[in-house]
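To start, the structure under review is shown below, and the notes come after it.
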Amino acid sequence: MELREALYTTRAMRRITGAPIPPEIQARILDAAVRAPSAGNTQTWRFLLVDDPDVKSRLAEIYRDCMSSFGRAFYGARTVEAEATRDDPESQRHLRVMRSSDYLADNFQRYLLLFAFGTDDLYSLLPALWNAMLAARGEGVGGTLTRMLAARSAEVFDILGVPAEGGWQMAACVAFGWPTGRWGIAERSPVEDVTYQDRWGQPIAFPIEGPLWP
Ligand SMILES: Cc1cc2nc3c(=O)[nH]c(=O)nc-3n(C[C@H](O)[C@H](O)[C@H](O)COP(=O)(O)O)c2cc1C
């Protein structure tokens, strides 16, 4: 796959068939993750791949709880507003993301889960997980990143057997699966709306009529 296709079409693909992901594909995803950069190349990271149905169903229960408390608290007001303004394309977009996020919460036990742990530098985990998601994209496997379970890390660590010593913290988790939908180009605000040049507030000096792929 061409690099830019992967960059432009790697999205949160939450609706999945539930078919297993073969070990050789899992191996390529993990091997791409550990190629990522880390601050000072310290690689102070641990990855935990979870496919055990019992472990996943215990995590799924916590994920659903997090979604209905934390998720609702965070997005609830926006969702009420979006329901009242359903004709607005922004509201439709928000409601689509919420439905899709609810699907992930209701099906959490069906994904292959990849957890990433670090000590003080959790920033270094995000390039690794993004590498994993890009590698998965190259295989046709979808991934959704979530930090939701970090809100209940004591219970999650207990389920996963993460040791109390060592100062490990959960950076995030990616839920992988074979998507049922199409890989579209990620809808984002245009570059010129969110980027300045040389000084804050100063527009970019050249036109960018994105998306610049295909
Ligand atoms: C740091 C981070 C946290 C996220 N947390 C969640 C989450 O808890 N649940 C979820 O369903 N998606 C989560 N996502 C996925 C985003 O919701 C998704 O990327 C965004 O809505 C854009 O959708 P798209 O990638 O399909 O275009 C997260 C993404 C990032 C980068």
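Please enumerate the residues belonging to region 162-210 that are within 12 Å of the ligand (Cβ to nearest atom) and either surrounded by 13 or more Cβ atoms within 10 Å (Cβ to Cβ) or closer than 21 Å to L59 by Cβ (or both).
Here is the first cut: in region 162-210, the ones within 12 Å of the ligand (Cβ to nearest atom) are 171-175, 179, 181-189.
The answer is A171, A172, C173, V174, A175, P179, W183, I185.
Has region 113-122 got any residue that is touching a His at 6+ places or on another chain (Cβ under 7 Å) and within 13 Å of the ligand (Cβ to nearest atom)? Can you show your working first?
Let us first name the residues in region 113-122 that are touching a His at 6+ places or on another chain (Cβ under 7 Å), namely none.
No: region 113-122 contains no residue that is touching a His at 6+ places or on another chain (Cβ under 7 Å) and within 13 Å of the ligand (Cβ to nearest atom).
Which one of A151, A77 is within 13 Å of the ligand (Cβ to nearest atom), farther than 22 Å from T42 by Cα and among the small types (G, A, S)?
Numbers: A77 fails: within 13 Å of the ligand (Cβ to nearest atom).
Result of the check over A151, A77: A151.
Answer yes or no: is there a residue in region 57-80 that is surrounded by fewer than 16 Cβ atoms within 10 Å (Cβ to Cβ), farther than 17 Å from G142 by Cβ and of a type in the set (D, E).
Yes, because at least one residue in region 57-80 is surrounded by fewer than 16 Cβ atoms within 10 Å (Cβ to Cβ), farther than 17 Å from G142 by Cβ and of a type in the set (D, E).
Yes or no, residue by residue, for (1) of a type in the set (F, W, Y); (2) more than 27 Å from I21 (Cα to Cα):
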site: F157; (1), (2): yes, no
site: L160; (1), (2): no, no
site: A164; (1), (2): no, yes
site: M170; (1), (2): no, no
site: S189; (1), (2): no, yes
site: D198; (1), (2): no, yes
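With the requirement that a residue be in contact with a strand residue (DSSP E or B) (Cβ under 6 Å, 6 or more places away or on another chain) and away from the ligand (no atom under 16 Å from the Cβ), what does region 1-43 give you?
Matches in region 1-43: I21 only.
In this structure, is L3 closer than 25 Å to D120 by Cβ and not hydroxyl-bearing (S, T, Y)? Give the derivation first.
Values: closer than 25 Å to D120 by Cβ: no; not hydroxyl-bearing (S, T, Y): yes.
In short, no.
Of everything in region 110-130, what is surrounded by fewer than 19 Cβ atoms within 10 Å (Cβ to Cβ) and polar (S, T, N, Q)? Give them in sequence order. Outline the logic, then answer.
At the first step, the residues of region 110-130 found to be surrounded by fewer than 19 Cβ atoms within 10 Å (Cβ to Cβ) are 110, 119-123, 126-127, 130.
Across region 110-130, the qualifying residue is only T119.
Would you mind listing the helices (runs of 4 or more DSSP H) fully within region 75-175 where at least 1 residues are in contact (Cβ under 8 Å) with a residue 60 or more places away in the chain, aliphatic (A, V, I, L, M) and touching a Gly at 6+ places or on another chain (Cβ under 7 Å)?
Those helices (runs of 4 or more DSSP H) span 125-139.
Pairs needed: first member in region 5-17, within 11 Å of G140 (Cβ to Cβ); second member anywhere, hydroxyl-bearing (S, T, Y) and near the ligand (Cβ under 7 Å from one of its atoms); C-beta distance under 9 Å; at least 6 residues apart or different chains.
M13/T144
Are there any pairs with C-beta distances below 8 angstrom linking a residue in region 51-66 that is closer than 13 Å to C173 by Cβ to a residue that is of a type in the set (V, I, T) and not in a helix (DSSP H, G or I), with the two at least 6 apart or on different chains, and if so which?
Listed by first residue and then by second, the contacts come to K56/V50; L59/V50; Y63/T146.
The numbers here are math on the coordinates, done by the rules we state, and not lab data. Because the structure is predicted, anything quoted here is derived from the model rather than measured. No Cβ is skipped: glycine too gets one built from the backbone with ideal geometry, and neighbour counts run over all protein chains shown.
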